[in-house]
Amino acid sequence: MRAVLLTGYGGVDKLELADVAEPVARPGELKVRVAAASVNPIDLRLRSGAIRQSAPLELPAILGRDACGEVVAVGAGRSAFAVGARVLGLVHHAYAEYVVDKEDAWAELPASLDPIDAAALPLVVLTGTQLIEEAVRPRPGEVVLVTGAIGSVGRAAVFAARARGAEVVAGVRRLQKEQASRLNVDVVALDDDAELDRLPRVDAIADTVGGETIQKLLSKVKPGGTIGSVLGEPPGARERGLAVRVHRTHPDSRRLAALAQAVAAAKLTIPIAKRLPLSRIREAHTLAERGAGGKIVLRIR
């Protein structure tokens, strides 16, 4: 099969299209003919070697966490999926024509969703939703500030927080306020100190940005409030008496199926900036690094 190999840590020149052996489904696994994958920030960090100490790769490696396609083989044992089923999944090694992963990594693709565009969903929708449900854990009526709210993970976090009955404040940059207003929640410019000064204290922050932004927001959380983060624990948060929960995304077939249905029903939108063939993987990574304003989808077939 064709796949993109990362031959070494570094720039996009380390990504090469090659022929490799097809994977085989073992018990409890599905083999999927991939229609499309997508590029995520974790792919860029893995490629560059930025996280090689905490997440080393055995090179050459196939990157990619999102896949959508058709089941072509089911490993031994009982399965909820049949050959021919259309699925999307939070998987490993998705930059390839075929992917094998555990059954619980996959969810059924709603009939109305385009399998190419659906490849943009798994990692970001699960990350944003799990950040709210498992890390922030807001109660109805509590005020949650979502940083990076118009990013893909942030949009999913806004959706999940509203679904739990929380009052949401979308934290964005000044130039993004008009776009963020379409989320139908309150909006605050995180790079406008005057706006931040006027922001009442919130019960929790769902952080998808990190860095200096989260540092200057710690004082805006009520005593005993919560910080949920996908980027590690903010220094000084616990010293302020805040509960801090760092989230690591994990597969969840049931939740992914429900989120895909929400996208199909136009209740949740994950913007797609560009659709490119797998052969243009270097261009895809370059665009993602520059900030494309949406997901970069890779057409495999």
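Just so it is clear, none of the values below were taken in a lab; they were calculated from the coordinates. Everything numeric here is computed off the predicted structure, so don't read it as measured data. All Cβ positions, glycine included, derive from the backbone under ideal geometry; neighbour counts span all protein chains shown.
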Shape metrics for the range 236-301, restricted to C-alpha atoms - Rg then Dmax, Å: 17.3, 52
Förster radius 45 Å - calculated FRET efficiency between Tyr9 and Asp192, Cβ distance, rounded to 0.05: 0.75
Relative contact order (%) - the chain, alpha-carbon pairs under 8 angstrom, separation at least six: 19 percent
Kirkwood Rh, angstrom, the range 203-276 [1 / mean 1/r, Cα pairs]: 14.5 Å
Gyration tensor verdict on the range 138-178 (Cα atoms; rounded if a/c is under 1.5, prolate if a/b is larger than b/c, oblate otherwise): prolate
Convex hull of the range 112-160 built on C-alpha atoms - directionally averaged projected area, nm²: 4.0 nm²
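Please give the net charge around Asp114, taking every other residue with its beta carbon less than 12 angstrom from that of Asp114, where Lys and Arg add +1 and Asp and Glu add -1. It would help to have the intermediate numbers written out before the result.
Details: positive: Arg86, Arg275, Arg299; negative: Asp117.
Around Asp114, the charge tally is +2.
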The range 1-91: trypsin sites (Lys or Arg not before Pro) falling in loop per DSSP and having at most 15 other Cβ within 10 Å: Arg52, Arg78
Counted charge near Glu70, where neighbours are those whose Cβ lies closer than 13 Å (Asp, Glu -1; Lys, Arg +1): +2
Derived scalar couplings ³J(HN,Hα) [the range 73-80; Karplus, 6.51 cos²θ - 1.76 cosθ + 1.60; whole Hz; x for Gly, Pro]: 7, 10, x, 4, x, 6, 9, 7
Residues whose placed amide H lies under 5 Å from that of Val202, excluding near-sequence neighbours: Val221, Lys222
For Glu97, distant residues with modelled amide H under 5 Å away: Arg2
Cut-off 15 Å between beta-carbons: net charge of the residues surrounding Ala189, Lys and Arg +1, Asp and Glu -1: -2
Listed residues Val185, Val87, Val71, most fluctuating in the chain (Gaussian network, C-alpha, under 10 Å): Val185
The range 250-267-the range 41-64 distance, computed between alpha-carbon centres (Å): 27 Å
Euclidean distance of C-alpha centroids, the range 233-248 and the range 140-183, integer Å: 20 Å
Derived scalar couplings ³J(HN,Hα) [the range 141-147; Karplus, 6.51 cos²θ - 1.76 cosθ + 1.60; whole Hz; x for Gly, Pro]: x, 6, 9, 10, 8, 9, 7
Unsatisfied cross-links (Cα-Cα over 30 Å) in the set Lys177/Lys220; Lys14/Lys295; Lys102/Lys267; Lys14/Lys102; Lys102/Lys220; Lys177/Lys222: Lys102/Lys220
Stokes-Einstein D (µm²/s) once Rh is taken as the Kirkwood radius of the chain over alpha-carbon pairs, at 4 °C in 1.567 mPa s: 65 µm²/s
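Report the extension gain between Ala264 and Glu233 in nm, rounded to one decimal, defined as 0.36 nm multiplied by the number of residues separating them, less their alpha carbon distance.
Numbers: separation 31, 0.36 × 31 = 11.16 nm, distance 3.40 nm.
Roughly 7.8 nm would be gained on extension.
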For the range 35-41, 3J(HN,Hα) per residue [Karplus equation, 6.51 cos²θ - 1.76 cosθ + 1.60, θ = phi - 60°, Hz, x = Gly/Pro]: 8, 7, 10, 8, 9, 10, x
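Stick to Cα atoms and the Kirkwood definition of Rh, then tell me Rg/Rh for the range 1-98. Kindly include the intermediate steps, with their values, before the conclusion.
Details: Rg = 14.3 Å, Rh = 14.2 Å.
Taking Rg over the Kirkwood Rh, I get 1.01.
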With Cα atoms, 0 to 90° folded angle of helix 281-290 axis to the chain main axis: 0 degrees
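List the trypsin sites (Lys or Arg not before Pro) within the range 166-257 that DSSP assigns to loop and that have no more than 12 neighbouring Cβ atoms inside 10 Å. Don't jump to the answer; show the numbers that get you there.
Details: sites: Arg173, Arg174, Lys177, Arg182, Arg198, Arg201, Lys216, Lys220, Arg238, Arg240, Arg245, Arg248, Arg254, Arg255; in loops: Arg173, Arg201, Arg248.
Sites meeting the loop and neighbour criteria: Arg201, Arg248.
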Coordinate range along principal axes, alpha carbons of the range 154-301, Å, largest first: 52, 33, 28
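So which GluC sites (Glu not before Pro) in the range 1-83 are both in a DSSP loop and have at most 13 other Cβ atoms within 10 Å of their Cβ? Please list the in-between numbers first.
Numbers: sites: Glu16, Glu29, Glu58, Glu70; in loops: Glu58.
When the GluC sites (Glu not before Pro) of the range 1-83 are filtered for loop state and at most 13 Cβ neighbours within 10 Å, Glu58 remain.
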